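Everything on this sheet refers to the single structure shown next.
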Amino acid sequence: SQEGYGLSVAQSGALSGPRGFVMVGCSAISSMLLYRTGFRKPIAVGLIGLGLVIGLISLGIREPRIAGLTISDFWWLLLVVSSAGIFYGAAVPSLNNAGLNLAPDRIATLVGLRGMFHSLGGTVGIALAVLVTSRGSSPVVGPQEAFATIGVLAILSAVCVLWVPETPRRE
C-alpha cells in the first residue's frame, strides 16, 4: 500500500485494525447462525467473497469515483480491506467447527492438525506471494499479480466446500 498508493507507514498500518474489528463481529454473528446456515454456505460465501475482494485489490484502483464522489486511496483501501473482514469472519467459525463436528472424540488431534496446516499454508502462501511479487515487472505490478493469483485460488478452492458436512450435529 505504501509503494502502490503512496500511503504513509501509519496509514498502511491503520488499514488492518478495522478489518480485525469487522472480522470479530462477523465471526460472532456467523457462529451464532451455524445451526441455521450449516457449514457449507458461510464457507462458500467467505471464500468467494474474499477472492473477489482480493481480486479487487489486485486491480490497483486509485481514487475511485462512486456516486459522483471521489474517494481518497486511504479510504478506498480501508473500505475494501474491511470488507475482507466480513467474508473472513463469515467463513472462519464454519471452517473451525466442521472437522470438530465430524469427530468430536478427536478434538485434540483435529486442533493440532488445523494449527499445523494453518501455519504451513501461511508459510507456503507467503513464500509464493513473495516469489510472484519479486518476479513482477515493477514494485507495483508484482503485488497486483500476487493478489490476482491468490484471489483466483480462493474462488477456485470454494469447490472443496462440497466435501464439508452440510449441517452441524445437535448434541
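Here are the numbers:
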quantity: Search result, residues across the stretch 86-107 that are among the aliphatic types (A, V, I, L, M), part of a helix (DSSP H, G or I) and more than 20 Å from S30 (Cα to Cα); calculated: I107
quantity: Some residue of the stretch 38-50 being more than 17 Å from V92 (Cβ to Cβ) and modelled with pLDDT of 90 or more; calculated: no
quantity: Test: residue in the stretch 65-77 that is in contact with a Pro (Cβ under 8 Å, 6 or more places away or on another chain) and aliphatic (A, V, I, L, M); calculated: yes
quantity: When residues of the stretch 96-113 are limited to those that are touching a helix residue (DSSP H, G or I) at 6+ places or on another chain (Cβ under 9 Å) and open to solvent by 90 Å² or more (accessible area, probe 1.4 Å), the one nearest to G60 (Cα to Cα); calculated: L102
quantity: Test result for V140, in contact (Cβ under 8 Å) with a residue 40 or more places away in the chain, surrounded by fewer than 17 Cβ atoms within 10 Å (Cβ to Cβ) and farther than 21 Å from K41 by Cα; calculated: yes
quantity: In the stretch 1-40, the residues that are surrounded by fewer than 17 Cβ atoms within 10 Å (Cβ to Cβ) and charged (D, E, K, R); calculated: E3, R36
quantity: Verdict on V81 being among the hydrophobic types (A, V, I, L, M, F, W, C), touching a helix residue (DSSP H, G or I) at 6+ places or on another chain (Cβ under 6 Å) and more than 18 Å from V164 (Cβ to Cβ); calculated: yes
quantity: Qualifying residue in the stretch 73-85 (condition: open to solvent by 60 Å² or more (accessible area, probe 1.4 Å) and assigned to a helix (DSSP H, G or I)); calculated: yes
quantity: Failed item in (1) open to solvent by 50 Å² or more (accessible area, probe 1.4 Å); (2) at pLDDT 90 or above; (3) closer than 23 Å to P42 by Cβ, with T123 passing the rest; calculated: (3)
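The values are calculated or read from the model by the stated rules, or taken from the named source; none is laboratory data. Given the structure is predicted, the values throughout are model-derived calculations rather than measurements. In this analysis, Cβ positions are derived from the backbone assuming ideal geometry, glycine residues included, and neighbour counts consider all displayed protein chains. Surface areas here come from the heavy atoms of the whole protein model, side chains and all, with no ligands, DNA or RNA. Shrake-Rupley method; radii C 1.70, N 1.55, O 1.52, S 1.80 Å.
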